[in-house]
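First comes the structure, then the notes that go with it.
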Amino acid sequence: MRLSKVVSIPDCPGTESEQAGKTSSCQGCPNQKICSSGATKAPDPAIAEIGAKMSTVKHKILVLSGKGGVGKSTFSAHLAHALASDGTKEVAVLDVDICGPSIPRIMGLEGEQVHQSGSGWSPVYVDDNLAVMSIGFLLSSPDDAVIWRGPKKNGMIKQFLRDVDWGDLDYLIVDTPPGTSDEHLSLIQYLSATHVDGAVIITTPQEVSLQDVRKEIRFCQKVKMPIIGVVENMSGFVCPSCKNTSQIFPPTSGGAERMCADLHLPLLGKVPLDPRIARSCDEGKSFLHEVPDSPAAEVYLSIVHSIQDYCSNRVTEEQSTT
């Protein structure tokens, strides 16, 4: 994969600004002529193409987090495994964490490669009804760093959405990087011509995580992205011997439960810490299959049922209004 050089111009007015290509800071920019022509303000034709491609996907769910390391990719993978446990459902995971793709490792697909077919890129399959696409499949080594600026990352996301041959899907789970940056804006833009069910937001109990989650919630509200609910990961540690719960990450400000009550959002569930979850991810196995009777697995399944109900109710509401 060849990387093209990206030029960054200080004080750029932005390609959609009325001043694009016309200010003094635009002088010397290689894109000045195209910006001043107004071509950058035209709708991206890829939006309609992506809309057509995604028309065969019934439900699209974004998994977001304010901070890294809160278990977002772990949740995305196990949500997909749980949905795919119903053999009648077709499920896929799209990993758009361009700089930190962990989905291939978590889902036991490290070292796999993407193949080109007449209808586009073919995703990699975990099972017959569970497909995965990640930039991790395009790297020569899992240790390779992806050192890209925003436009290059956005182009990759566009290619994933437009050129992957997903086929007919019941659920597409989109695992995003932490924060509210280029990748998230690109997803919202490119999926604007299609129906997105909503976002699941992942946090941990401590205030330093919740502070960034509030920003994520504000982002969703500003771009009119429905919020399915919040999941609190690492919510206490249940001792396997005495069964008592210890708060490893104390919810000093009331945790996700208090935040959701204040912001009138659903709290989908509180997943306790379990070292077996981390081990399963490192081994590329589903924790839900490995330890199905654990307290964490029970909470996961309850959360998955809530998400399924949300998606079903959303379809019913849309049908009743048409």
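What whole number of Å gives the distance from the Cα centroid of segment 106-176 to the Cα centroid of segment 178-211?
Spelled out, the Cα-based centre of one part sits 19 Å from the other.
Using modelled amide H (1.01 Å from N, peptide plane; none on Pro or chain starts), what sits under 5 Å from the amide H of L169, excluding residues fewer than 5 places away?
Amide H to amide H, under 5 Å and 5 or more residues apart or across chains, L169 pairs with V57, K58.
Under 13 Å from the Cα of K153, which aspartates and glutamates turn up, not counting those fewer than eight places away in the same chain?
Excluding near neighbours in sequence, the set is D95, D97, D182, E183.
Return the label of the correct value of P(r) over Cα pairs in 10 Å bins from 0, in percent, as calculated from the structure shown, out of (i) 5, 24, 33, 24, 10, 3, 0, 0; (ii) 5, 21, 25, 19, 12, 8, 6, 3, 1, 0; (iii) 5, 17, 20, 17, 16, 12, 8, 4, 1, 0, 0.
Recomputing P(r) over Cα pairs in 10 Å bins from 0, in percent here picks out (i).
Mind putting a number on the dipole of the chain about its Cα centre? Charges go on the C-beta only, +1 for Lys and Arg and -1 for Asp and Glu, and I need it in Debye to the nearest 20.
Roughly 1060 debye, rounded to the nearest 20.
Of all DSSP beta bridges located in the chain, what percent are antiparallel, nearest 5?
Antiparallel: roughly 20 percent of the beta bridges in the chain.
What residue among C26, C311, C260 shows peak mean-square fluctuation when the chain is described by a Gaussian network model with Cα springs under 10 Å?
Ranking C26, C311, C260 by mean-square fluctuation puts C26 first.
Checking the table K89/K215; K60/K224; K158/K270 against a 24 Å threshold on Cα-Cα, which pairs fail?
Among K89/K215; K60/K224; K158/K270, the Cα-Cα distance tops 24 Å for K89/K215; K158/K270.
With the other protein chains left in place, how much accessible area per residue, in square angstrom, belongs to segment 155-249 at a 1.4 angstrom probe?
In whole numbers, segment 155-249 has 38 Å² accessible per residue.
Can you order the peptides 269-278, 213-222, 289-298 by their average number of other Cβ atoms within 10 Å per residue, highest first?
Output ranking for 269-278, 213-222, 289-298: 269-278, 213-222, 289-298.
Tell me the label-point distance for the pair A48, V208, using the 7 Å Cα-to-Cβ offset, in nm and rounded to one decimal.
4.9 nm
With the contact rule set at Cα under 8 Å and sequence spacing of 6 or more, what percent relative contact order holds for the chain?
Once divided by the residue count of the chain, the mean separation gives 20 percent.
Under 20 Å between alpha carbons, and skipping anything fewer than 8 positions from K152 in its own chain: which lysines qualify?
K5, K41
Rank T23, T194, T56 by mean-square fluctuation in a GNM of the chain with C-alpha springs under 10 angstrom and give only the top-ranked residue.
Comparing T23, T194, T56 in the GNM, the peak value goes to T23.
By Kyte-Doolittle mean hydropathy of at least 1.0 and Cα axial length of at least 20 Å, which whole DSSP H helices of the chain are selected?
Span-like helices, by this rule, are absent here.
The values are calculated or read from the model by the stated rules, or taken from the named source; none is laboratory data. This one's a predicted model, so the numbers in the text were calculated from it and none came from an experiment. No Cβ is skipped: glycine too gets one built from the backbone with ideal geometry, and neighbour counts run over all protein chains shown. Accessible surface is based on the protein model in full, side chains and every heavy atom, while ligands, DNA and RNA are left aside. Shrake-Rupley method; radii C 1.70, N 1.55, O 1.52, S 1.80 Å.
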